[in-house]
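The values are calculated or read from the model by the stated rules, or taken from the named source; none is laboratory data. Small disclaimer: the values here were computed from a predicted structure and weren't measured. Neighbour counts run over all protein chains shown; Cβ positions are idealised from the backbone, glycine included.
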Amino acid sequence: DWIELHNTTGSTIDIGGWFLSDNDNYFKKYEIAAGTTIQADSYIVFTEDANFGLYAGDPGRIIPFALSEHGETVYLSSGSGGDLDGGYCTKEDFKAAENGVSFGRYTKSAASGYDIDFVAMQSSTMGSVNSDPCVGPIVISEIMYHPDSTGQLNNYAEYVELYNITAGTVSLDDWQLLDETSDIEFYFPSGASLASGQRLLLVKNLVAFEAEFGSPSVTALEYVEGRLSNAGEKIQLSKPGTPEDDFVPYIRV
């Protein structure tokens, strides 16, 4: 495990006496050594083995910790003299991931009011500029949450389209599509798959869909639970990770 910090400014920043933690009830798990600085637009990395882990020899290790593959939150807090000074505190949340996958900051836009995500990356770039985000193997390519008609079945003609962007067939065994309120819960049937370059429709009601849009030219599966919000919402496609002790972590695709 490792944690990378990036100085985004044009000046050197002294982070000596600052703290790293994975617990919002105790921010002072690891204290960064006095005199530690990050040069302008540069990076510094702290590792579980050398700095904050159980067997690390770093004297700044106060309470050892490790990062969970099931996801958690990392905190960076300013401090001095062994205490928090209240001047700065930031955090990043990350979700479950496959082994060997790192998470990093991705800026969607450089415009005013820009949005930053902390997402899985294509490759690990320890101590240097982040790679592009990891996308696929399946993407949500289209969402119709409010069909433009007044028919009786209108509210049930909604759909979500999935697309395989890879060069091979992808198994969808035990994959799931959920919305942020868990109103929609769709679990792919055993044996489901999607071939390279192919699309798949998830529809609320196939009869309503066909009445609105005609017979689909690709495979269509119905989701029984819930409906897409006409006010907008977040939906997430997830795949199962490696099972551990009667627990299966789900990884955002």
Exercise for the section: Consider Leu54 carefully, then state whether it is without any contact (Cβ under 8 Å) to a residue 60 or more places away in the chain, outside any strand (DSSP E or B) and either more than 17 Å from Gly104 (Cα to Cα) or among the aliphatic types (A, V, I, L, M) (or both). Expected result: yes
Practice task
Go through segment 189-223 and give me each residue that's modelled with pLDDT of 95 or more and either in contact with a Gly (Cβ under 6 Å, 6 or more places away or on another chain) or at positive phi (or both).
Solution key: Ser196, Gly197
Completion exercise
Of those in segment 177-188 that are closer than 27 Å to Thr242 by Cβ and surrounded by fewer than 17 Cβ atoms within 10 Å (Cβ to Cβ), the residue modelled with the highest pLDDT is Tyr187
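Here's a check for you: in segment 171-197, which residue that is part of a strand (DSSP E or B) and within 20 Å of the chain's Cα centre (by Cα) is farthest from Thr219 (Cα to Cα)? Walk me through it before giving the result.
If we filter segment 171-197 for residues that are part of a strand (DSSP E or B), which is where we start, we get 171, 176-179, 185-187, 193-194.
Subsequent filtering for residues that are within 20 Å of the chain's Cα centre (by Cα) retains 176-179, 185-187.
Values: Gln176: 17, Leu177: 16, Leu178: 20, Asp179: 22, Glu185: 19, Phe186: 15, Tyr187: 16 Å.
Among those residues, the one meeting the criterion is Asp179.
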Handout entry: Residues being within 16 Å of Met144 (Cα to Cα), of a type in the set (Gly, Ala, Ser) and not in a loop (DSSP other than H, G, I, E, B) - total across segment 198-253
Key = 3
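Yes or no, residue by residue, for (1) under 25 Å from Val129 (Cβ atoms); (2) assigned to a loop (DSSP other than H, G, I, E, B); (3) touching a residue at least 40 places away in the same chain (Cβ under 8 Å):
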position	(1), (2), (3)
Thr9	yes, yes, no
Asn25	no, yes, no
Lys28	no, yes, yes
Gly35	no, yes, no
Ala40	yes, yes, no
Val45	yes, no, yes
Pro59	no, yes, no
Pro64	no, yes, no
Completion exercise
Exception for Glu225 within (1) over 26 Å from Ala97 (Cβ atoms); (2) crowded, with 16+ Cβ neighbours inside 10 Å falls at (2)
Handout entry: Test for Leu76: is it crowded, with 18+ Cβ neighbours inside 10 Å, of a type outside the set (Lys, Arg), out of contact with any His (no Cβ under 9 Å at 6 or more places or on another chain) and assigned to a loop (DSSP other than H, G, I, E, B)
Key = no
